[in-house]
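The values are calculated or read from the model by the stated rules, or taken from the named source; none is laboratory data. The structure presented is a predicted model; accordingly, all values stated were derived computationally and were not measured. In this analysis, Cβ positions are derived from the backbone assuming ideal geometry, glycine residues included, and neighbour counts consider all displayed protein chains. Each accessible area value is taken on the protein alone, full model and side chains, heavy atoms only, with ligands, DNA and RNA left out. Shrake-Rupley method; radii C 1.70, N 1.55, O 1.52, S 1.80 Å.
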Amino acid sequence: MASPIAFVSRTTEANEAEWIKTLSTALPHETILSIKMLTGEQKSQVEVAIVANPDPADIAQLTGLKWIHSLWAGVERLVAELGAASLPIVRLTDPELSRVMAEAVLAWTYYLQRDMPAYRQNQLNSVWQELEYRHPKDVTIGILGLGTLGAAAAARLRQAGFNIAGWSRSSKTLHGVETLCGDEGLTTLLKKSDILVCLVPLTADTRGLLNRDCLGIMKKNAAIINFARGAVIVADDLLAALDTGHLSHAVLDVFEEEPLSAQSPFWSHPKVTVLPHISAPTNRQTSASIVAANIENWRSTGELPATVDMTRGY
């Protein structure tokens, strides 16, 4: 009989129960139990854990653990809390997540390209004013991060007729996209982007990447969409760039503190749109099927899917 699979999270009991139900349906021959329900003997037998922001102390109880499957695409918190000596971690790579993220990027790009923040402000001021239309072909979208999510977003934006440039740490090639890399490439991207879409993973290299100097390089009246992690942008530097009028607007879906504090200046800032981390919600059914396929393959072959590079953080 296969060893039980531990579900380890810091979510609500109701959410945990829904996840276990969905995962159990996808893996009918496995026994998936919350770590809270495992006996001491079962904890020693567990070889794989499915996790969603787990408490490291809970992971430490699984003395026979061989690998960890995360339910999220972003694993920076998991990497930071478990440390470089962690067992292999597999992060979720879900095509549905990429589709939903690309959809969100396109939607909020249209929001900025069609000057919706300005029309909203005009409504509040009872101002009837038609603004000049900008055609997508005359708008350059810079994508910061050309991983799976960035590549999907680039393709969707290109189909909509926007000019697309993208940046990554190492050189990449994408059809119909001007690709840039390294420090020089980052400067070029910032200078040419009318709308900058941030999709980089949070690592030691990207924490605070968009600081006062980088924001200052950007075009006058450029806008930012951050769907990556809050710490990629220095909050005070962003607010300063908005206050001076150098940047026109910021759509922020991610923050260093979540939920966002009621005292945060982002809530009331006229040039900021606050979203509650909803750009690419995880789909339980598609995620469970991917996790199931990975675990079934490991059971039959002993082979793991691609694991997180703990030194890079993703």
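Between a first residue in the stretch 89-102 that is within 10 Å of Thr148 (Cα to Cα) and a second residue that is in a helix (DSSP H, G or I) and hydroxyl-bearing (Ser, Thr, Tyr), which pairs have beta carbons less than 6 Å apart while being 6 or more apart in sequence or on different chains?
Every condition considered, the pairs that remain are Asp94/Thr286; Asp94/Ser287; Ser98/Thr148.
Here are Asp194, Asp183: which of them is acidic (Asp, Glu), out of contact with any strand residue (DSSP E or B) (no Cβ under 8 Å at 6 or more places or on another chain) and open to solvent by 20 Å² or more (accessible area, probe 1.4 Å)?
Asp183
Quickly run through the stretch 161-200 and pick out the residues that are in a helix (DSSP H, G or I) and basic (Lys, Arg).
Of everything in the stretch 161-200, those that are in a helix (DSSP H, G or I) and basic (Lys, Arg) turn out to be Lys191, Lys192.
Output the residue which, of all residues in the stretch 152-162 that are under 23 Å from the mean Cα position of the chain (by Cα) and without any contact (Cβ under 8 Å) to a residue 40 or more places away in the chain, is surrounded by the fewest Cβ atoms within 10 Å (Cβ to Cβ).
Ranking the qualifying residues of the stretch 152-162, first place goes to Gln159.
Restricting to the stretch 111-133, name every residue that is free of Cβ contacts under 8 Å to residues at least 40 places away in the same chain and within 25 Å of Lys191 (Cα to Cα).
Selection gives Arg114, Asp115, Met116, Ala118, Leu131, Glu132, Tyr133.
Could you please tell me which pairs satisfy a Cβ distance under 7 Å, a separation of 6+ or placement on different chains, a first residue in the stretch 204-228 that is not assigned by the TED database to the domain that holds Gly142, and a second residue that is outside any helix (DSSP H, G or I) and open to solvent by 60 Å² or more (accessible area, probe 1.4 Å)?
Close Cβ pairs satisfying both conditions: none exist.
One line per residue, one yes/no per condition, for (1) modelled with pLDDT of 95 or more; (2) touching a strand residue (DSSP E or B) at 6+ places or on another chain (Cβ under 7 Å):
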| position | (1), (2) |
| --- | --- |
| Leu82 | no, no |
| Ala104 | yes, no |
| Ala107 | yes, no |
| Tyr110 | yes, no |
| Tyr133 | yes, no |
| Gly142 | yes, yes |
| Ala151 | yes, no |
